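The values are calculated or read from the model by the stated rules, or taken from the named source; none is laboratory data. Please read all numbers here as calculations on a predicted model, not as lab measurements. With ideal geometry, Cβ positions are generated from the backbone for all residues, glycine too; neighbour counts draw on all protein chains shown.
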Amino acid sequence: MKWEADVLLWIQDNLRNAVLDPICKLFGWIGAHGELAIAVALLLMIIPKTRRTGCVCACSLGSSYVLGSLILKKIIDRPRPFTQIDGLESLMSVRDASFPSGHAGATFGCLFVVFLMMPKKFGIPALCVSIFMCYSRMHVGVHYPTDVIAGSLIGIFFACLYSFIYKKKFAPKQENAELLKGK
């Protein structure tokens, strides 16, 4: 779509610079195979107080990966924008298909759970990291805006689904146990 090419070219012409370029490349590197999301999920699973949140993160992350990267990317097989848009230069090397963004799906799949289930002092920074991850994929020229929107929506869907299931299945039991301890 023309509007997507216009957005990416505008980012390239107006926002690429010596400060943002390396930061966006770093985000591409730490999210290339879901490393950031996997590290967050594992860290949360190691800490006893956040173990269940970490498990919810892992379920959401895994489902986002399966739907986005293993199924939709292969079916849709959309070429990367830098191969289709005249004048757009990629700052990173990538080989697979573009739609949906696996970085966006993985990051939102995990970190949106943090936003939903943990105190806002952790949730809001997690949400900001997810949003910046999406921006970084466009900044380096490897994803269209609709790629990151779709990846984000996939991650958000699974984060909400598994958070809802967790709250329905486990939260009432925890509340009852806490009430009994208080008596």
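Counting the residues of segment 1-53 that are part of a loop (DSSP other than H, G, I, E, B), in contact with a His (Cβ under 9 Å, 6 or more places away or on another chain) and small (Gly, Ala, Ser) gives 3. Looking across ALA39, ALA32, one residue alone is among the small types (Gly, Ala, Ser), surrounded by fewer than 16 Cβ atoms within 10 Å (Cβ to Cβ), closer than 27 Å to PHE158 by Cβ and modelled with pLDDT under 90. It is ALA32. Checked against the criterion of being buried (at least 21 other Cβ atoms within 10 Å of the Cβ) and either in a loop (DSSP other than H, G, I, E, B) or not small (Gly, Ala, Ser) (or both), the candidates PHE157, PHE122, PHE108 yield just one match: PHE108. Within segment 90-109, can one find any residue that is of a type in the set (Ser, Thr, Tyr) and either farther than 26 Å from ASN14 by Cα or within 13 Å of the chain's Cα centre (by Cα) (or both)? Looking for residues that are of a type in the set (Ser, Thr, Tyr) and either farther than 26 Å from ASN14 by Cα or within 13 Å of the chain's Cα centre (by Cα) (or both), one finds at least one in segment 90-109, hence yes.
Residues that are assigned to a helix (DSSP H, G or I) and without any contact (Cβ under 8 Å) to a residue 40 or more places away in the chain within segment 79-105 comprise just one, THR83. Among residues that are crowded, with 21+ Cβ neighbours inside 10 Å, of a type in the set (Lys, Arg) and either more than 13 Å from the chain's Cα centre (by Cα) or under 19 Å from VAL7 (Cα atoms) (or both), ARG78 is not included.
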